[in-house]
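All of the numbers you see were taken from the coordinates with simple rules; none came from a lab. Since this is a predicted model, take the numbers as computed values, not measurements. Here the Cβ positions follow ideal geometry from the backbone for every residue, glycine too, while neighbour counts run over all protein chains shown.
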Amino acid sequence: MTNRRHSTTLGAAAFVAATLIGLTGCAGGASGDDVTAGPTETVAVPTPTETPGETSSPTAEPTEPAETETAAPVVTIPTDCTQIVDGATYAATFGSTPLNPVEFPRRDGTARGSRTATVPEAGAQPFQIVDAAAELDCFWRDPAADITGIGVILGRLDQPTAASLLDQVTAAGATCEDAHGGQLCQQPIEVEQYPVEAAHTWFVRGDLYIAVEQYNVPTNDLIGSMLAHLES
């Protein structure tokens, strides 16, 4: 076998030596090689094979666990107004103020307390939504008092009606914020005849709503106290 060397000029002696090497059948390698040429073989390089019954699959990329929403605790609406908060909170907030006096019925003239809810009409105003969907309507007020009193209504609303309620009270000037896993909106009530603090409060979480109307009755996170007592 003849070796090819690039860019090399052979002299006469080199030409003779190359001829002798070719006659003897020896292949000359690089300088210093002493390799005896043997029969030329074609060696096939095996390709990776798969074991029968096994299939290769791409390495799965690590995946992050899917985020799941935590369901809001279930709130049971009681049938008794005295059970909306724990005993200590009830005494501190409502004390001995008369509950649901007949002198102050609901806006539709019916008695307060536990009741069967109805579906608010399309386009209903906030007070109409609250009144119609009420399951418990409570009002504490001394008939002899000029204005002091507090009303609490609990009920359930579907999502579109709840959104309508919050949109309307926000448009009317209520300030809303995230609270207790839901939306809490509050709007001061101006009472011209009496310089007292008064406010409307609306709370919506899931299908639950709570509406509070208070005049000259201070409270300390009444919504939070109600939820803590009624959640299961």
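Extents of segment 110-149, largest first, come to 38, 20, 12 Å (Cα atoms, principal axes, whole angstrom).
If you look at the Cα atoms of segment 110-188, you get an Rg and a Dmax of 13.9, 40 Å.
Using every Cα-Cα pair within segment 64-143, state what percent have a distance larger than 14 Å. Summing the P(r) of segment 64-143 above 14 Å gives 72 percent of all pairs. Which net charge results when you count Lys and Arg as +1 and Asp and Glu as -1 among the other residues whose beta-carbon is under 12 Å from that of ASP108? Its environment carries a net charge of +2. Residue by residue, segment 144-153 carries 3J(HN,Hα) couplings of 7, 7, 5, 8, 4, x, 8, x, 9, 10 Hz when phi is fed to the Karplus relation 6.51 cos²θ - 1.76 cosθ + 1.60 (θ = phi - 60°); x denotes Gly or Pro.
The average projected area of segment 191-231, computed from the convex hull of its Cα atoms over all directions, is 3.3 nm². Scaling the Cα radius of gyration of segment 130-232 by the globular reference 2.2 N^0.38 Å produces a ratio of 1.08. Remark on ASN100: its backbone amide H falls under 5 Å from those of PHE139, TRP140, ARG141, a criterion applied only to residues 5 or more positions apart or on other chains, H modelled at 1.01 Å from N. Between segment 168-197 and segment 65-127, the C-alpha centres lie 18 angstrom from each other.
Stretched out straight at 0.36 nm per residue, the stretch from ASP142 to THR82 would grow longer than its current Cα-Cα span by 20.0 nm.
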